[in-house]
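Asks: Structure below; questions to follow.
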Amino acid sequence: MELTISNNDFLEALDEISSVDIDEHGKNKLSLFMLKINANAFDYQNLQNTLFDPVINYSLSRIIKDNYKNKPGLLSRKAREKFRDYVHNKGELGELLLYCFLESHLKAPKILSKLELKTSTQHYVNGADGVHYLRLDNGNYQLIFGESKTEKKLTRGLTNAFKSIDEFKRAEGKSGITYEKSLISDHIGNEVSSDEEKQFIESIIYPKQSNDFEVDDAFGIFIGYEIDISDNDKTLPNQSFREKIKQQIKIEVEKRIKHIQSKITKYNLQGHNFYIYILPFTELDKNRQEITRDITS
């Protein structure tokens, strides 16, 4: 019994500029998005409006949501309390956006969110930013470990993401893939209630000979970076502005494909599938802080 996904409304706040294969076999996908534009500016309010419900779905387990399904106000408060003080928060928005992309675009249901495991608003659990699974067209599955970075420079964000993935793969003790799978197993009761669902998730985490499918580890990456828009461009007619900014973003991102390929090779990650999502921001620090404040206050 497979888990359900949500958050389809999230994509309504975005335009998909391009989706390209970054290897010859089509294993690795780069999906480039841009916020909707209103009067020659990114529409952050529109994005915020689509994030209120995903905050709940991302922050809380399915069991908790079911327990509070008749108390929407209390449910919303419990989800918002999971986030740290937005003034000091530089990572959680990226993690939330990665979750939204994996569920709404890739159609990969969440198995585990690290936000669920925080014992206080200042405590973090090491490892992947979240874990999802994906059913492939051939009937096999992928267990997708999330990694998000929001950096002003796109190249730095990509570099740090792949460095973190390498460290995650090589980690031992209370981090790394083996530990991550044990976390899922230990907390599976938070996400599913029926024995059938538990057995299904366990069969993905720890494949058995009796399975009629194969499972491979994969990675989902979100990169938020800062785009510079000239004052002259801001004076363009609205449609001309949209077209120019889309082209600017497309050029900036596709120039980094070789950099991505080099990192996959450098860290010996060729056996994995990668699902990479990139979204530019203007005034990254300011808007990241304001979005996080508004969706969690």
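The values are calculated or read from the model by the stated rules, or taken from the named source; none is laboratory data. Keep in mind the model is a prediction, meaning the values are calculated, not measured. When we count neighbours, we look across all protein chains shown, and the Cβ atoms used for this are built from the backbone with ideal geometry, even at glycine. Areas reflect the complete protein model, heavy atoms only, side chains present, ligands, DNA and RNA absent. Shrake-Rupley method; radii C 1.70, N 1.55, O 1.52, S 1.80 Å.
Asks: Go through the range 11-54 residue by residue and tally those that are within 27 Å of residue 79 (Cα to Cα) and hydroxyl-bearing (Ser, Thr, Tyr).
Replies: Summing the residues that are within 27 Å of residue 79 (Cα to Cα) and hydroxyl-bearing (Ser, Thr, Tyr) in the range 11-54 gives 2.
Asks: If I filter the range 152-159 for residues that are under 20 Å from the mean Cα position of the chain (by Cα), surrounded by fewer than 13 Cβ atoms within 10 Å (Cβ to Cβ) and part of a loop (DSSP other than H, G, I, E, B), do I get at least one hit?
Replies: yes
Asks: How many of the residues making up the range 254-270 are touching a residue at least 40 places away in the same chain (Cβ under 8 Å) and either open to solvent by 50 Å² or more (accessible area, probe 1.4 Å) or on the phi > 0 side of the Ramachandran plot (or both)?
Replies: Number of matching residues: 4.
Asks: Continuing with this model, one more query. Return only the number of the condition from (1) farther than 20 Å from residue 179 by Cα; (2) open to solvent by 10 Å² or more (accessible area, probe 1.4 Å); (3) modelled with pLDDT of 75 or more that residue 141 does not satisfy.
Replies: Answer for residue 141: the failing condition is (1).
Asks: Report whether or not residue 294 is touching a helix residue (DSSP H, G or I) at 6+ places or on another chain (Cβ under 6 Å), part of a helix (DSSP H, G or I) and modelled with pLDDT under 95.
Replies: In short, yes.
Asks: Within the set of pairs 6+ apart or on separate chains, which have a first residue in the range 203-228 that is surrounded by fewer than 16 Cβ atoms within 10 Å (Cβ to Cβ) and at pLDDT 90 or above, a second that is among the aliphatic types (A, V, I, L, M) and outside any strand (DSSP E or B), and C-beta atoms under 7 Å apart?
Replies: Every condition considered, the pairs that remain are 217/177.
Asks: Starting from the range 176-196, keep only residues that are polar (S, T, N, Q), then list their pairs with residues that are open to solvent by less than 30 Å² (accessible area, probe 1.4 Å) and not in a helix (DSSP H, G or I) whose Cβ atoms are within a distance under 6 Å, requiring at least 6 positions of separation or different chains.
Replies: Within 6 Å, the pairs are 190/61.
Asks: Then there's this: Based on this model, can you work out whether residue 250 counts as of a type in the set (D, E, K, R), in a helix (DSSP H, G or I) and open to solvent by 80 Å² or more (accessible area, probe 1.4 Å)?
Replies: no
Asks: To continue, here is another question. Since residue 277 meets every condition but one in (1) over 22 Å from residue 61 (Cβ atoms); (2) touching a Phe, Trp or Tyr at 6+ places or on another chain (Cβ under 6 Å); (3) modelled with pLDDT under 95, which condition does it not meet?
Replies: It is condition (3) that residue 277 fails.
Asks: While we're here: Name every residue in the range 207-225 that is in contact with a Gly (Cβ under 7 Å, 6 or more places away or on another chain) and under 30 Å from residue 281 (Cβ atoms), in order of residue number.
Replies: The answer is 220, 222, 223, 224, 225.
Asks: If you don't mind, another one. Please work out if residue 201 is of a type outside the set (Ser, Thr, Tyr), under 25 Å from residue 18 (Cβ atoms) and within 23 Å of the chain's Cα centre (by Cα).
Replies: Answer is no for this residue.
Asks: Go through 245, 260 for me and flag whichever is touching a Pro at 6+ places or on another chain (Cβ under 9 Å), of a type in the set (A, V, I, L, M, F, W, C), modelled with pLDDT of 95 or more and part of a helix (DSSP H, G or I).
Replies: 245
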